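Trainee: Could you have a look at this structure, given as structure tokens, before my questions?
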Amino acid sequence: MKIYTYYEKLEEQNHDLMLQLWKESWSKNGYDAIVLGKKDVVTHCFYDDFCAVIKNIHKSIIGTEISEYGLSCFVRWLAYSNLKLHERFYVSDYDI
């Protein structure tokens, strides 16, 4: 069984150790643990439109621009949908 997480390396964070622990933990329990990133989302046909809509919604509700981290929390779902797999898989945050 496959399990995926999404990680975008941003300036204010370095979570390489957490990612390594996430991968090791799931692998030890029989899962194929896979880390997706920005390269897995920018190819989605809806990426540009999706980002624009999320940015506009955030600005209109919160009154400020969305952070890079905040946007990555939304676009990860495009990365998962870009997999186009016909088998069951799990997704998980790497920091749980």
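The values are calculated or read from the model by the stated rules, or taken from the named source; none is laboratory data. All values reported here derive from a predicted model rather than from experimental measurement. A quick note on method: Cβ atoms are made from the backbone with ideal geometry, for glycine too, and the neighbour counts reach across all protein chains shown. Only protein heavy atoms, including side chains, enter the accessible area calculation; ligands, DNA and RNA are left aside. Shrake-Rupley method; radii C 1.70, N 1.55, O 1.52, S 1.80 Å.
Trainee: Leu19: surrounded by 10 or more Cβ atoms within 10 Å (Cβ to Cβ), touching a helix residue (DSSP H, G or I) at 6+ places or on another chain (Cβ under 8 Å) and not in a loop (DSSP other than H, G, I, E, B), yes or no?
Mentor: When the stated conditions are applied, Leu19 does not pass them.
Trainee: Next question, about the same structure. Considering only the stretch 65-89, state which residues are part of a loop (DSSP other than H, G, I, E, B) and open to solvent by 70 Å² or more (accessible area, probe 1.4 Å). Don't jump to the end; show me each part of the working.
Mentor: From the stretch 65-89, those part of a loop (DSSP other than H, G, I, E, B) are 65-67, 82-88; that's our starting set.
Glu65, Lys84, His86, Glu87, Arg88 - these are the residues of the stretch 65-89 that are part of a loop (DSSP other than H, G, I, E, B) and open to solvent by 70 Å² or more (accessible area, probe 1.4 Å).
Trainee: While we're on this one: Within the set of pairs 6+ apart or on separate chains, which have a first residue in the stretch 53-71 that is under 17 Å from Val41 (Cα atoms) and at pLDDT 95 or above, a second that is among the hydrophobic types (A, V, I, L, M, F, W, C) and assigned to a helix (DSSP H, G or I), and C-beta atoms under 6 Å apart?
Mentor: Ile54/Phe74
Trainee: Scanning the stretch 53-64 for residues that are among the hydrophobic types (A, V, I, L, M, F, W, C) and closer than 20 Å to Leu10 by Cβ, which turns out surrounded by the fewest Cβ atoms within 10 Å (Cβ to Cβ)?
Mentor: Let us first name the residues in the stretch 53-64 that are among the hydrophobic types (A, V, I, L, M, F, W, C), namely 53-54, 57, 61-62.
This time we only want the ones that are closer than 20 Å to Leu10 by Cβ, so: 54, 62.
Details: Ile54: 16, Ile62: 10.
Checked the stretch 53-64; the qualifying residue surrounded by the fewest Cβ atoms within 10 Å (Cβ to Cβ) is Ile62.
Trainee: If you don't mind, there's one more thing I want to ask. May I ask you to verify whether Val42 is open to solvent by less than 90 Å² (accessible area, probe 1.4 Å), in a helix (DSSP H, G or I) and without any contact (Cβ under 8 Å) to a residue 24 or more places away in the chain? Walk me through how you get there before you give the answer.
Mentor: Details: open to solvent by less than 90 Å² (accessible area, probe 1.4 Å): yes; in a helix (DSSP H, G or I): no; without any contact (Cβ under 8 Å) to a residue 24 or more places away in the chain: yes.
Taking the combined requirement at face value, the residue does not satisfy it.
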